[in-house]
Amino acid sequence: VQLQASGGGLVQAGGSLKLSCAASRGTFSNYAVGWFRQAPGKEREFVAAINWSGSSTLTADSVKGRFTMSRDNAKRMVWLQMNSLKPEDTAIYYCASRPSVVVVSTPISYTYWGRGTLVTVSS
């Protein structure tokens, strides 16, 4: 599975962005997908994940209530809607998938990674 994240950009604090993750090649519909982010000088951290059907999601406490994941298997797409953005959300955001129906938050559990997209939130 090849993944490509897009939709990043510069936004003011309090604003919104919607990131997209497009999957190509291989099986996608029965894979869990996660979003991770990495800020300069920091480790990669979990943001959110969604199971194969979209019926179950897992969200980091730092973004709970502000970020929402969704997916459309027919379109081979996953989205991350980010609202009420804060300067501390500034990072490169990556989507990743794992050949499992279970959602988890550990980066090492994900097999396929796409190139990231940069999100910058100004204060």
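The values are calculated or read from the model by the stated rules, or taken from the named source; none is laboratory data. Values in this document were obtained by computation on a predicted structure and should not be read as measured data. Only protein heavy atoms, including side chains, enter the accessible area calculation; ligands, DNA and RNA are left aside. Shrake-Rupley method; radii C 1.70, N 1.55, O 1.52, S 1.80 Å.
Given a 1.4 Å probe and heavy atoms of the protein chains only, how would you sort Ile92, Ile50, largest accessible area at the top?
Working: Ile92 65, Ile50 0 Å².
Sorted by accessible area, descending: Ile92, Ile50.
Which semi-axis lengths, in whole Å and largest first, follow from the square roots of five times the eigenvalues of the Cα gyration tensor of segment 47-101? Could the numbers behind the result be given before it?
Details: eigenvalues 89, 26, 23 Å².
In descending order, the three semi-axes are 21, 11, 11 Å.
Largest first, what is the accessible-area ranking of Trp52, Trp35 with a 1.4 Å probe? It would help to have the intermediate numbers written out before the result.
Numbers: Trp52 110, Trp35 0 Å².
If we order Trp52, Trp35 from most to least accessible, we get Trp52, Trp35.
Once the piece of chain linking Asn83 and Ser20 is laid out straight, how much longer is it, given 0.36 nm per residue of separation minus the C-alpha distance between them?
On the way: separation 63, 0.36 × 63 = 22.68 nm, distance 1.45 nm.
Taking 0.36 nm per residue and subtracting the Cα distance, the gain is 21.2 nm.
Under the 0.36 nm per residue contour assumption, what length would be gained going from the current alpha-carbon distance of Leu118 and Lys75 to full extension?
Working: separation 43, 0.36 × 43 = 15.48 nm, distance 2.33 nm.
Fully extending the segment from Leu118 to Lys75 adds 13.1 nm.
Leaving out ligands, DNA and RNA, and with a 1.4 Å probe, what % of the accessible surface on segment 1-108 is carbon or sulfur?
Numbers: 2680 of 5340 Å².
Percent of accessible area from carbon and sulfur atoms in segment 1-108: 50.
When ligands, DNA and RNA are left out and all protein chains stay put, how many square angstrom of accessible area per residue does the chain have with a 1.4 Å probe?
On the way: 6200 Å² over 123 residues.
Value for the chain: 50 Å² per residue.
Would you kindly state how much longer the chain becomes between Ala39 and Ser6 on full extension, computed as 0.36 nm times their sequence separation minus their alpha carbon distance, in nm to one decimal?
Details: separation 33, 0.36 × 33 = 11.88 nm, distance 1.68 nm.
Residue separation times 0.36 nm, minus the Cα-Cα distance, leaves 10.2 nm.
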